[in-house]
1. Ordered by residue, what ³J(HN,Hα) values in Hz, to whole numbers, does the stretch 485-499 give under the Karplus form 6.51 cos²θ - 1.76 cosθ + 1.60, where θ = phi - 60° and Gly and Pro are x?
2. How much net charge surrounds Leu67 when only other residues with a Cβ under 11 Å from its Cβ are counted (Lys, Arg +1; Asp, Glu -1)?
3. Where the Cα atoms of the stretch 539-583 are projected onto their three principal axes, how long is each span, largest first, in whole Å?
4. Would you work out if the stretch 126-279 is rounded, prolate or oblate? Take a ≥ b ≥ c from the square roots of the eigenvalues of the alpha-carbon gyration tensor; rounded if a/c is under 1.5, else prolate when a/b is larger than b/c, oblate otherwise.
5. Using a/c under 1.5 as the rounded threshold, could you call the stretch 159-233 rounded, prolate or oblate? The axes a ≥ b ≥ c are square roots of the C-alpha gyration tensor eigenvalues, and prolate needs a/b larger than b/c, oblate otherwise.
6. Enter the accessible area per residue of the chain (Å², integer; probe 1.4 Å; all protein chains in place).
7. Here are some pairs, Lys187/Lys250; Lys371/Lys583; Lys432/Lys608; Lys507/Lys573; which of them have Cα atoms lying more than 28 Å apart in this structure?
8. When the helix-only estimate is applied to the chain (DSSP H runs of n ≥ 4, each -39,500 (n - 2.57), divided by the residue count), what is the mean residue ellipticity at 222 nm, nearest 500 deg cm²/dmol?
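The values are calculated or read from the model by the stated rules, or taken from the named source; none is laboratory data. Note that this is a predicted model, so its numbers are computed, not measured. Cβ: placed from backbone, ideal geometry, glycine included. Neighbour counts: every protein chain shown. SASA here: full protein model, heavy atoms, side chains in, ligands and nucleic acids out. Shrake-Rupley method; radii C 1.70, N 1.55, O 1.52, S 1.80 Å.
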Amino acid sequence: MINLRKVFLNTKSGGIDLFFLYMYNSEKEKDCVFSGVLFRKKNHLERYEIMSKFVEKSHKIRHLPDLRDIVYHARSEYGEKTAFEDCHMPGEKERRKISYEQFYDDMNALGTALIKRGFKDKKIALTSENRYDWVLTYFAVACGAGVIIPLDKDLPAGELANLVERSHASAVVFSAKKKKVIEEAKKSGKLPEVLVCMDESTDPELSIKQLLEEGRKELSRGCREYSDAEIDPSAMMAVYFTSGTTGKSKGVMLSHRNIASNVENMLRRMYVTKEDRALSVMPIHHTFEFTCEIVPCIERGGTMVFCDGLKYIQKNLKEENISVMLGVPLVFETFHRKLFVTAAQKGSEEKLRKGMKLNRFMMKLGINRSKKLFKDIYAVLGDRIRVFIVGGAPMDPQVIRDFRDLGVNMFEGYGLTETSPIIAVNADYCSKPGTVGPPMPGTQIRIDSPDSEGIGEIIALTESRMIGYYEDEEETGKVILEDGWFATGDYGYLDSEGYLHVTGRKKNVIVTKNGKNIFPEELETLLNKNEYIKESVVWGKADENGGDLIIRAEIVAEKDNLKGLSEEEIQLKIKQAVDEVNKSTVSYKRIRGFNIRYEEFEKTTTRKIKRHALNLE
């Protein structure tokens with residue numbers, strides 16, 4: 001049963017400008033969720049600012065000084081409540097469940113053992129799939145022992161060895177799944193002597209279990225070297241190596257304050273409760289997953305469920321009763337495409353669209369009947385799903401609108417590893433599809449050297465800005481300006497309501513001879529909407545006759561939708577798709593040629609295309 005309560009607020013003008021409908025879950029009446037919001041004479045930014053003040057009070061957002069404070073607070077507030085449900089381990093039918101109390105105890109035990117073994121203020125590298133032991137190791141190292149170096153689990157042995165050497169790590173913590181890569185990397189002579197396996201091991205290396213036992217013994221003897229260790233919020237706590245989509249990766253130095261402030265401000269825009277169950281899908285070594293899902297979940301007392309793997313996302317969503325999930329556009333666009341293809345195959349797409357239109361109207365009145373209207377959809381996504389958070393790449397705004405019309409709130413943000421990561425984000429209570437939202441609280445954004453359309457480089461001033469690039473003052477000086485602002489390397493503009501639009505990467509922009517800027521990402525988004533195109537890369541080729549640049553596209557065909565067609569028919573389908581895009585753009589942006597391929601582009605673990613690996617000429 002749902003209870004409704006009406007709340008009227010007066011603005012300075014004295015008129016009633018806002019009418020809120022709150023929905024209370026009858027089982028947990030303390031946790032209220034916005035069901036519908038009606039505004040009169042308010043634009044997006046005014047709504048956003050008014051709601052922000054109200055939300056901050058109702059959500060009881062507290063100041064977060066550092067990550068250790070977050071763990072200590074969670075243990076005090078949530079105790080024996082389940083904090084983590086681990087991914088299924090080989091031979092185990094049930095997920096391992098870890099309470100907040102156990103997480104606190106494990107962190108202190110592991111941190112104590114590391115200090116006793118001489119790792120105080122040392123750097124420790126960490127690589128594994130998304131799992132509890134990764135989170136435990138990260139917090140144990142960062143909250144009193146030393147500096148954590150999260151590494152991509154998919155790195156080949158040579159790259160892993162190079163980054164371990166560059167970081168000057170004194171130990172490497174890894175999972176059994178990384179055993180072969182670690183063994184191969186050892187041959188380079190670049191790995192430290194101390195290797196710690198997260199799983200049981202008969203080899204000479206240490207195990208997390210062994211270190212936990214050592215730490216517990218020291219704690220029982222009254223050792224408080226770790227527990228009483230002073231946290232310097234501004235000191236280097238972690239070094240994140242960027243994924244290197246355009247070349248050599250850089251080490252980004254982040255502090256407790258960087259990440260804690262980002263989490264604090266994210267929670268002012270994202271509603272998370274202790275009843276939420278979040279699915280960890282994104283690569284855990286990225287700040288996007290760690291800062292925007294894992295740490296907020298700990299702070300608010302939710303349960304973090306680790307996904308069993310990319311091919312199990314849909315299965316885990318449903319079976320684990322997930323309510324919140326963070327991901328990149330590719331994940332959600334795949335969901336979206338499958339849902340509507342299935343509806344079309346059943347002959348029910350028109351009925352689905354009509355239901356979505358009706359639902360959109362009803363939700364504006366505070367009436368949410370999504371799960372009754374779209375039983376088949378929720379049978380796939382799970383009955384409890386309520387929020388999808390997207391980032392990492394531009395998102396098709398129509399996909400966001402469609403999910404919202406289906407009753408799943410979806411909002412987009414923007415940031416970089418160097419800003420821990422978020423600097424702009426839509427709020428779950430006031431989102432504007434097609435933008436990445438206004439600046440985060442405590443963040444200022446300006447557009448440097450805007451062109452006639454207001455587009456220029458996005459520059460940000462934020463407490464979440466990195467300390468700098470590890471052992472690279474020259475590169476640091478290129479992006480951290482004299483006044484402390486950070487140059488993102490992305491182009492964009494702020495609209496009349498103060499919402500940020502990201503148009504493309506500075507390094508990717510195509511400049512015509514008459515000075516016009518063409519953003520490949522804009523054309524790629526349009527191409528990728530077509531059912532016959534899986535993904536694309538747009539680039540500029542020099543005209544052999546000395547004319548202007550020729551815009552070309554490298555296109556990966558969607559094989560599943562082209563079955564039974566000849567090469568000539570496929571060529572025609574793709575040409576028609578390109579022609580449709582060209583009709584919607586100005587002449588200088590039109591694609592003049594294209595290549596078709598069936599093999600996907602090489603990508604980073606966050607599913608970003610490695611453009612530098614394509615060697616397009």
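1. With coefficients 6.51, -1.76 and 1.60, one gets 6, 10, 8, 6, x, 10, 9, x, 8, 9, 7, 5, 9, x, 8 Hz.
2. Numbers: positive: Arg68, Arg257; negative: Asp66, Asp69, Glu299.
Computed value for this residue: -1.
3. Principal-axis extents of the stretch 539-583 (Cα, largest first): 41, 21, 16 Å.
4. Here the stretch 126-279 falls in the oblate category.
5. Judged from the Cα gyration tensor, the stretch 159-233 comes out oblate (a/c at least 1.5, b/c at or above a/b).
6. Details: 28250 Å² over 617 residues.
Accessible area per residue, the chain: 46 Å².
7. Lys371/Lys583; Lys507/Lys573
8. Result for the chain: -9500 deg cm²/dmol, rounded to the nearest 500.
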